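A short worksheet on the structure shown next.
The values are calculated or read from the model by the stated rules, or taken from the named source; none is laboratory data. As the structure is a computational prediction, the values presented were derived from the model and not from experiment. Neighbour counts run over all protein chains shown; Cβ positions are idealised from the backbone, glycine included. Each accessible area value is taken on the protein alone, full model and side chains, heavy atoms only, with ligands, DNA and RNA left out. Shrake-Rupley method; radii C 1.70, N 1.55, O 1.52, S 1.80 Å.
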Amino acid sequence: MADPHQLFADKVTHVYRRSLSLFAHGVMVASALAAFLLTEVSVAAVAAWYFFMLGTSGYHSYFGNTLLAADRRALAGVNVSKLVFLAALAGFGWGSAAAFLPFVSVHQQLLLVLTLTAVAAASLPRMAALPVVNAAFMAGLFLPILIGLVVVFGVEHWMMVMVLVMIWAGLTDEARKANIDLSAIYANQQALEVEAVRDKLTGIPNRRSFDNSIEREWGRAQRMAVPISLIMVDVDFFKKYNDRYGHQAGDECLTRVARALGGTMRRSSDMVARYGGEEFVALLFHMSRDDGLTLAETMRHAVELLHLEHADNPGRLVTISLGGATCIPGREDRPDALLRRADEALYRAKAAGRNRVVWAGDGLNPAS
């Protein structure tokens, strides 16, 4: 199921991406319309509309652009009512040109209505992502035109009004369909993004996710001069487990081990990822050697408590071996060195008999 907060953030991004460049295009359209209106309307009146439109549309675009410049997570908590108000105001900035309908020729009236209708249609591909914002913009634009047509032609020429209402309704329906399509696209995109960073078998983060995370957390530890710990985990005699019980049972074993390891993580900053095959890795930001060692023992014990039968393991249960390392990254240090130290500690744990924790630079910590 798609994350509704992320879906909303995606839709806000869709509405306001390239908002400033699109505003510039709108300025060109408004300038052309103003030039035509100046042939029949006073400069003061046209200028008043033109700058009002620039102000309302410009601020709407500017506000949307500032939203996208902020942290993406902040988009999920954006004030929707403000977006609706600004969209309605931007629509009214365009629609207020309908005030000229009673004072221009039939040809200018047709040009005015067609231009404003084209503006509404052009906004649909973006605005449709947020139906309430699109509805507000359309209402702000079309209502003044409908009122202007009634003033000019009177209610007896209801056909003119009905045609415009039908256009409005058609655009609204197209916006509804476009919103459904966009929701499906972004939901599918979310699923693909999750699939890209999640291991398909176990459901925990995969190697790619771990690689991205360690680069980020390593940089953070460097800036803050705090320790970062890493624990490499290997399921003991897993090949023998597969040979005896079959690959389907092996997959179930890895899934349950992954859940057990993940269940030992107590902080949102901690992560367990599948490193490859029967290997897992835990990344622990701002965790000392002693706390890391304690957590590693907790992880080892959690897998033992699964009581998964393994006839080819000395204890006749599925167990894990763990190798850990801790450091405070220096400016020139790279995470590869920490990975190498943890991997060497894991090798020592396996060489010493498995089902135990070894920390880089320490003696053995055998299982009790």
Of all residues in region 193-240, how many are within 23 Å of the chain's Cα centre (by Cα), among the acidic types (Asp, Glu) and under 16 Å from Ala325 (Cβ atoms)?
-> 1
Kindly establish whether Ala129 is open to solvent by 20 Å² or more (accessible area, probe 1.4 Å) and either more than 22 Å from Val106 (Cβ to Cβ) or touching a residue at least 60 places away in the same chain (Cβ under 8 Å) (or both).
-> no
Among the residues of region 294-309 satisfying the criterion of being closer than 18 Å to Ser268 by Cα and touching a residue at least 40 places away in the same chain (Cβ under 8 Å), which is surrounded by the fewest Cβ atoms within 10 Å (Cβ to Cβ)?
-> Leu295
Of Asp312, Asp291, Asp270, the only residue that is within 27 Å of Ala225 (Cβ to Cβ), among the charged types (D, E, K, R), surrounded by fewer than 20 Cβ atoms within 10 Å (Cβ to Cβ) and touching a helix residue (DSSP H, G or I) at 6+ places or on another chain (Cβ under 9 Å) is Asp270
Just need a number here: residues in region 170-197 that are in contact with a Lys or Arg (Cβ under 9 Å, 6 or more places away or on another chain) and at pLDDT 85 or above.
-> 3
Subset of region 203-212 (residues that are within 30 Å of Gly330 (Cα to Cα) and either in contact with a His (Cβ under 9 Å, 6 or more places away or on another chain) or open to solvent by 30 Å² or more (accessible area, probe 1.4 Å) (or both)) = Arg207, Arg208, Asp211, Asn212
Hey, Leu254 assigned to a helix (DSSP H, G or I), of a type in the set (A, V, I, L, M, F, W, C) and touching an Asp or Glu at 6+ places or on another chain (Cβ under 7 Å) or not | yes
Are any of the residues in region 94-104 at negative phi, open to solvent by 50 Å² or more (accessible area, probe 1.4 Å) and among the polar types (S, T, N, Q)?
-> no
Do we find a residue being in contact with a helix residue (DSSP H, G or I) (Cβ under 8 Å, 6 or more places away or on another chain), closer than 30 Å to Ala225 by Cα, modelled with pLDDT of 95 or more and open to solvent by less than 40 Å² (accessible area, probe 1.4 Å) anywhere in region 248-257?
-> no
State which residue pairs qualify: first residue closer than 10 Å to Phe100 by Cα and open to solvent by 30 Å² or more (accessible area, probe 1.4 Å) and inside region 38-52, second residue of a type in the set (Ser, Thr, Tyr) and assigned to a loop (DSSP other than H, G, I, E, B) in any location, beta carbons under 7 Å apart, and separation of 6 or more residues or different chains.
-> Glu40/Ser105
Is it the case that Leu110 is out of contact with any Cys (no Cβ under 9 Å at 6 or more places or on another chain) and open to solvent by less than 20 Å² (accessible area, probe 1.4 Å)?
-> no
Reported set for region 315-328 where residues are open to solvent by less than 10 Å² (accessible area, probe 1.4 Å) and under 26 Å from Ala221 (Cα atoms) is Leu322, Gly323, Gly324, Ala325
Considering region 114-126 alone, what residues qualify as being farther than 17 Å from Ala87 by Cα and open to solvent by 30 Å² or more (accessible area, probe 1.4 Å)?
-> Leu114
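Matching residues to (1) of a type in the set (A, V, I, L, M, F, W, C); (2) in a loop (DSSP other than H, G, I, E, B); (3) in contact with a helix residue (DSSP H, G or I) (Cβ under 7 Å, 6 or more places away or on another chain); (4) surrounded by fewer than 17 Cβ atoms within 10 Å (Cβ to Cβ):
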residue	(1), (2), (3), (4)
Gly170	no, no, no, yes
Glu174	no, no, yes, yes
Ala184	yes, no, no, yes
Leu201	yes, yes, yes, yes
Ile214	yes, no, yes, no
Arg220	no, no, no, yes
Val226	yes, yes, no, yes
Ser229	no, no, yes, no
Lys239	no, no, no, yes
